[in-house]
Amino acid sequence: MTRRLLSLAAVSPAVLSLALAACATHVPPPSPPVAIPPPAPAPISAPAPQAPRPTGPVPDLVAARHEFAQQAASKYGVDPLRVDSVLATAQIREPIIAAMSRPAEGKPWSEYRPLFLNAARIDGGKAFIARHRDALSAVEAKYGVPAEIIVAIIGVETGYGANMGKYPVTDALYTLGFRYPRTNAPDRIERENMREAFFRDELAQAFAMEKEARLDITQLRGSYAGAMGWGQFMPSSYRQYAVDGDSDGKRDLFGDLADVLPSIANYFVGRGQWQRGQPVMVRASRDTGAQAINPDNRSEAMLPQADLAKMGYRPMQAAPAGLPANIITLDGANGPEYWMVFPNFVAITRYNKSPLYSTAVYQLSQVIAGRPVPGA
């Protein structure tokens, strides 16, 4: 995913010059010239950082579409006339804006977990593995991503292909690229700007994807965020990680599981840096009086487990001692749950950055595989 940040204005210091005038006198004789040091330049204050610029609805969508078409053509080599033509019929959809404003990840873990760890997804996952065992085993052997992780992703994302999304992909990306929901709260402006820029770039990449994968993007349906297919790939991910698993000359993530399964594994390895054979997460104990750490549940900054132990956190199940880790805290039904997470947990967050999502995927995968996570 691309990210764009607002630039700070650059201020050049003033250059000061000193002009010295000479005078001639008849009496007394002139004195030898005396060197006069130039005055010290006045201190120049560093410019105050500019606050992120709020934005609102694009005032002229027709002009904005035309400009966007030229930018997409320049960046991705697509036909600007095709872009203009498709977007002329695209719609801004209010339900998409509303859905983006209230993501499920805003729920506490005690409410989020039952959305994905339920009988339908567990039984569906077991049935999926039984039907596609050979294909999944081949993908696992090649990429090192466990079959149950791949299946859990499909279960969480699309209910095993039953719900790949109802919105035209072009409408979803057009809506979020040009009408991303705005609060313009000071602490959210920068993120909202970045998210809008992200979806606008994904829209441009959708046209590149259309050309490369030989698709008609006007016929594609996906989620309210523009994700597509069995594994819900965004256009940039489709372009970079989709695999032609059966060598038929196409990368079809909508109807060909021979492409879908290795594509998900390839995403985990390429985008997530999945580590073959390494753990994802284990329940952790917390010493009485231990300091709270990682309040935002950000898992990227890994620490030695020895350092976590000094802070009062230890794994409750066996884990490779040399593997770096972090601690996340979830609001469980019976109170706070402390979990030690490893680099493979971060790999799952590359699919969706929410630690709730990654925890749900992992716990579902283990139940499908018949080995529920201790302490879950």
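The values are calculated or read from the model by the stated rules, or taken from the named source; none is laboratory data. Quick caveat: nothing in here was measured; it's all calculated off a predicted structure. Glycine gets a Cβ as well: all are built from the backbone with ideal geometry, and neighbour counts include every protein chain shown.
Those helices (runs of 4 or more DSSP H) of the range 65-172 in which at least 2 residues are at pLDDT below 95, considering only elements entirely within it, cover 94-101. Scanning the range 142-178 for residues that are β-branched (Val, Ile, Thr) and over 16 Å from Gln219 (Cα atoms) yields Val145, Ile149, Ile150, Val151, Ile153, Ile154, Val156, Thr158, Thr175.
Could you list, in sequence order, all residues of the range 275-289 that are over 13 Å from Asn326 (Cβ atoms) and touching a helix residue (DSSP H, G or I) at 6+ places or on another chain (Cβ under 6 Å)? Matches in the range 275-289: Gln275, Gln278. When the range 205-234 is filtered for residues that are farther than 15 Å from Thr175 by Cβ, under 17 Å from the mean Cα position of the chain (by Cα) and not aromatic (Phe, Trp, Tyr), the ones remaining, listed by number, are Gln205, Met228, Gly231, Gln232.
Among the residues of the range 298-305, at least one is of a type in the set (Gly, Ala, Ser), within 21 Å of the chain's Cα centre (by Cα) and surrounded by fewer than 18 Cβ atoms within 10 Å (Cβ to Cβ).
The C-beta contact set for the range 98-124 (first residue not assigned by TED's automatic domain parsing to the domain that holds Glu196 and among the aromatic types (Phe, Trp, Tyr), second residue surrounded by fewer than 17 Cβ atoms within 10 Å (Cβ to Cβ) and part of a helix (DSSP H, G or I), distance under 6 angstrom, 6+ apart or interchain) is empty. Restricting attention to the range 224-239, does a residue exist that is surrounded by fewer than 19 Cβ atoms within 10 Å (Cβ to Cβ), assigned to a loop (DSSP other than H, G, I, E, B) and without any contact (Cβ under 8 Å) to a residue 60 or more places away in the chain? No, the range 224-239 has no match at all.
Taking only the range 175-213 into account, find how many residues are part of a helix (DSSP H, G or I), of a type outside the set (Asp, Glu) and either surrounded by 17 or more Cβ atoms within 10 Å (Cβ to Cβ) or touching a residue at least 12 places away in the same chain (Cβ under 8 Å) (or both).
Step one: filter the range 175-213 for residues part of a helix (DSSP H, G or I), giving 175-178, 189-213.
Of the ones still in play, those that are also of a type outside the set (Asp, Glu) are 175-178, 189, 191, 193-195, 197-200, 203-209, 211, 213.
With the extra rule that they be either surrounded by 17 or more Cβ atoms within 10 Å (Cβ to Cβ) or touching a residue at least 12 places away in the same chain (Cβ under 8 Å) (or both), the set shrinks to 175-178, 189, 193-195, 197-200, 203-209, 211, 213.
Residues that pass the stated criteria total 21.
When you look at Ile264, is it outside any loop (DSSP other than H, G, I, E, B) and either touching a residue at least 24 places away in the same chain (Cβ under 8 Å) or farther than 22 Å from Tyr143 by Cα (or both), yes or no? Steps first, please.
Values: outside any loop (DSSP other than H, G, I, E, B): yes; either touching a residue at least 24 places away in the same chain (Cβ under 8 Å) or farther than 22 Å from Tyr143 by Cα (or both): yes.
Against the criterion (outside any loop (DSSP other than H, G, I, E, B) and either touching a residue at least 24 places away in the same chain (Cβ under 8 Å) or farther than 22 Å from Tyr143 by Cα (or both)), Ile264 qualifies.
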